[in-house]
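Participant: For reference, the structure I am asking about is given below.
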Amino acid sequence: MNRTPTLLDRYPAKMVSHLAKKLISRYTTDCSKLMDPFCGSGAILAAGLEHKISVSGVDINPYAVLLSKVKLRGFDSIVARDICSELVDRARSSRRTLSVKWLAKDYWFTPATIHKYEQLRYIASRMKLTRTCEGRAVLLAYALSVRVCSRADQRSPKPFISKAAIKRRKGKHFDPMKKIPSILNMLAELYAGRKSNLGHVKCLNLTTVRNAQNAIGSFSHVITSPPYINAQDYFRNFKLELHLLEGLLPFDIESINTLFIGTERGELLKHIKSEDIKAHRSLLPQLSKIEGTHPRQAAIIHRYLYDMGKAFDAVKSCLAPGGTFVIVCGDNLVGGYTIETWQLLNCLLENRGFVLFDSFGDDINRRYVPPKRNGHKGLIKQEVISAFRLTGSKGN
Ligand SMILES: C[S@@+](CC[C@H](N)C(=O)[O-])C[C@H]1O[C@@H](n2cnc3c(N)ncnc32)[C@H](O)[C@@H]1O
């Protein structure tokens with residue numbers, strides 16, 4: 001199969017497809033239902049679906065959920081093209097707009113481009129695109145057009161405006177009403193006609209979900225690559241798309257932007273009690289030193305361990321006794337210290353009754369995570385795959 005074009009499937013720390021396929025073949029021989037609780041672009045779910053496994057994904061990022069849904073569910077290209085033509089035709093002549101509530105919008109978009117987006121938003125909100133697979137495909141084409149029609153440098157997954165981008169894009173008008181139909185055509189080549197009802201994806205914050213089993217379901221297998229500590233700022237990476245999707249999908253930016261696990265945003269230590277702090281220090285002895293030299297970085301680690309603990313509790317409550325939990329994770333560089341994040345997560349799982357039964361390393365080729373952060377270069381060379389089995393009765 002040809003490679004998926006980057007424009008259509010770019011996602012920070014995306015699992016490479018060869019690894020997703022390998023994990024599915026190695027661990028799902030007896031799988032009845034598979035979940036990826038941090039599904040991102042849906043790479044693991046898509047690999048599971050290829051084996052006709054019933055798959056469910058969760059992610060806090062509404063853009064990721066939209067992308068994964070389109071990828072898994074497919075759509076009818078003729079119906080989607082009709083919806084897209086209606087959207088664009090009605091938007092072109094619309095006097096009404098649905099405003100983008102973002103002060104920085106004029107920095108990222110020309111006034112003409114943002115006006116067109118606001119016309120599109122008004123009509124899209126009237127057409128209730130989220131209700132059908134075809135409507136969601138059109139909404140994904142809209143979301144994928146956002147970066148292309150912005151002033152951002154197109155080379156980077158993180159939106160930034162460079163001198164080169166200013167020079168290259170000067171005097172040009174990027175018209176979303178032309179881009180969206182052409183992006184939809186590309187999406188149709190990849191995903192149209194798939195039509196599967198074995199894939200489900202939900203937008204949820206795993207750290208606060210109540211009664212996860214009711215909300216997500218019960219599973220025999222979990223395979224996932226979780227967020228790292230302060231490595232990817234998922235909110236920042238998707239801020240253009242999210243600001244333009246707000247009002248069209250059921251979320252608001254103010255209530256999600258500090259909830260991405262591993263983030264450096266928000267009041268990091270708000271819910272963390274002194275007993276959590278102690279437990280984290282015994283899990284990671286360097287943490288006391290980091291607290292002295294880099295207090296903010298230490299707060300990020302505390303918050304990460306706290307959030308991952310909550311997320312693991314939620315996932316465990318969805319897993320059948322004897323169920324399999326496969327996790328892919330590497331190291332992080334925080335405050336100048338190398339943190340073996342995969343070891344920390346393995347300890348959190350063992351503390352919850354999971355027993356390791358298999359483990360191997362996978363080299364990361366040409367994947368730098370992240371290029372530069374907090375004054376040092378962080379290069380992750382290897383990820384560790386750890387496979388656990390849940391012992392005891394569920395909910396222990
Ligand atoms: C390493 S990425 C997963 C990438 C994915 N395996 C792929 O191939 O695209 C981690 C994901 O965790 C999600 N995430 C972060 N915090 C979360 C939370 N509180 N609840 C649910 N998902 C969260 C992020 O949005 C991100 O998509």
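The values are calculated or read from the model by the stated rules, or taken from the named source; none is laboratory data. In this text, all values refer to a predicted model and were calculated from it rather than measured experimentally. Note that each Cβ is placed from the backbone with ideal geometry, even for glycine, and that neighbours are counted across all protein chains shown.
Participant: Among the candidates V65, V58, V70, single out the residue that is within 16 Å of the ligand (Cβ to nearest atom), within 24 Å of Y11 (Cβ to Cβ), of a type in the set (V, I, T) and out of contact with any Phe, Trp or Tyr (no Cβ under 9 Å at 6 or more places or on another chain). Break it down stepwise before answering.
Facilitator: Numbers: V58 fails: out of contact with any Phe, Trp or Tyr (no Cβ under 9 Å at 6 or more places or on another chain); V70 fails: out of contact with any Phe, Trp or Tyr (no Cβ under 9 Å at 6 or more places or on another chain).
Exactly one residue qualifies, and that residue is V65.
Residue-wise test of (1) crowded, with 23+ Cβ neighbours inside 10 Å; (2) within 27 Å of C149 (Cα to Cα); (3) more than 11 Å from the chain's Cα centre (by Cα).
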position: S25; (1), (2), (3): no, no, yes
position: D30; (1), (2), (3): no, no, yes
position: D59; (1), (2), (3): yes, yes, no
position: L67; (1), (2), (3): yes, yes, no
position: R90; (1), (2), (3): no, yes, yes
position: R96; (1), (2), (3): no, yes, yes
position: S99; (1), (2), (3): no, yes, yes
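Participant: Would you pick out the residues in the stretch 211-243 that are assigned to a loop (DSSP other than H, G, I, E, B), within 14 Å of the chain's Cα centre (by Cα) and farther than 22 Å from L356 by Cα? Even if it seems obvious, please write down each step before you answer.
Facilitator: Filtering the stretch 211-243 down to residues assigned to a loop (DSSP other than H, G, I, E, B) leaves 211, 217-218, 225-233, 238.
Next, only the ones that are within 14 Å of the chain's Cα centre (by Cα) stay: 225-228, 231-233, 238.
Answer for the stretch 211-243, where residues must be assigned to a loop (DSSP other than H, G, I, E, B), within 14 Å of the chain's Cα centre (by Cα) and farther than 22 Å from L356 by Cα: A231, Q232, D233, F238.
Participant: Out of all the residues in the stretch 101-146, which are surrounded by fewer than 16 Cβ atoms within 10 Å (Cβ to Cβ), in contact (Cβ under 8 Å) with a residue 40 or more places away in the chain and part of a helix (DSSP H, G or I)?
Facilitator: Y107, A112, S125, T130 - these are the residues of the stretch 101-146 that are surrounded by fewer than 16 Cβ atoms within 10 Å (Cβ to Cβ), in contact (Cβ under 8 Å) with a residue 40 or more places away in the chain and part of a helix (DSSP H, G or I).
Participant: To continue, here is another question. Over 18 Å from Y191 (Cα atoms) and either modelled with pLDDT under 95 or touching a helix residue (DSSP H, G or I) at 6+ places or on another chain (Cβ under 9 Å) (or both) - does that describe any residue in the stretch 3-11?
Facilitator: At the first step, the residues of the stretch 3-11 found to be over 18 Å from Y191 (Cα atoms) are none.
So far as the stretch 3-11 goes, no, none of its residues is over 18 Å from Y191 (Cα atoms) and either modelled with pLDDT under 95 or touching a helix residue (DSSP H, G or I) at 6+ places or on another chain (Cβ under 9 Å) (or both).
Participant: Next question, about the same structure. Failed condition for K179, given (1) within 16 Å of L245 (Cα to Cα); (2) without any contact (Cβ under 8 Å) to a residue 40 or more places away in the chain; (3) buried (at least 17 other Cβ atoms within 10 Å of the Cβ), with all others met?
Facilitator: (1)
Participant: Also, I was wondering about something else. Search the stretch 38-63 for residues being in a loop (DSSP other than H, G, I, E, B) and touching a Gly at 6+ places or on another chain (Cβ under 8 Å), and hand back the single one that is nearest to C329 (Cα to Cα). Step through it out loud before you land on a result.
Facilitator: So the first thing to find is which residues in the stretch 38-63 are in a loop (DSSP other than H, G, I, E, B), and the list is 38-42, 51-53, 60-61.
Of the ones still in play, those that are also touching a Gly at 6+ places or on another chain (Cβ under 8 Å) are 39, 42, 61.
Values: C39: 14, G42: 17, N61: 20 Å.
So the residue we want is C39.
Participant: Being at pLDDT 90 or above and crowded, with 21+ Cβ neighbours inside 10 Å is the filter here, so list the residues in the stretch 331-342 that pass it. Write out each step before concluding.
Facilitator: If we filter the stretch 331-342 for residues that are at pLDDT 90 or above, which is where we start, we get 339-342.
Result: I339, T341, W342.
Participant: Can you run down the residue pairs with Cβ atoms below 9 Å, 6 or more apart or on separate chains, where the first is in the stretch 231-251 and at pLDDT below 95 and hydrophobic (A, V, I, L, M, F, W, C) and the partner is outside any helix (DSSP H, G or I) and near the ligand (Cβ under 9 Å from one of its atoms)?
Facilitator: Matching pairs, first to second residue: A231/P12; A231/A13; A231/G262; F235/N61; F235/L259; F235/F260; F235/T263.
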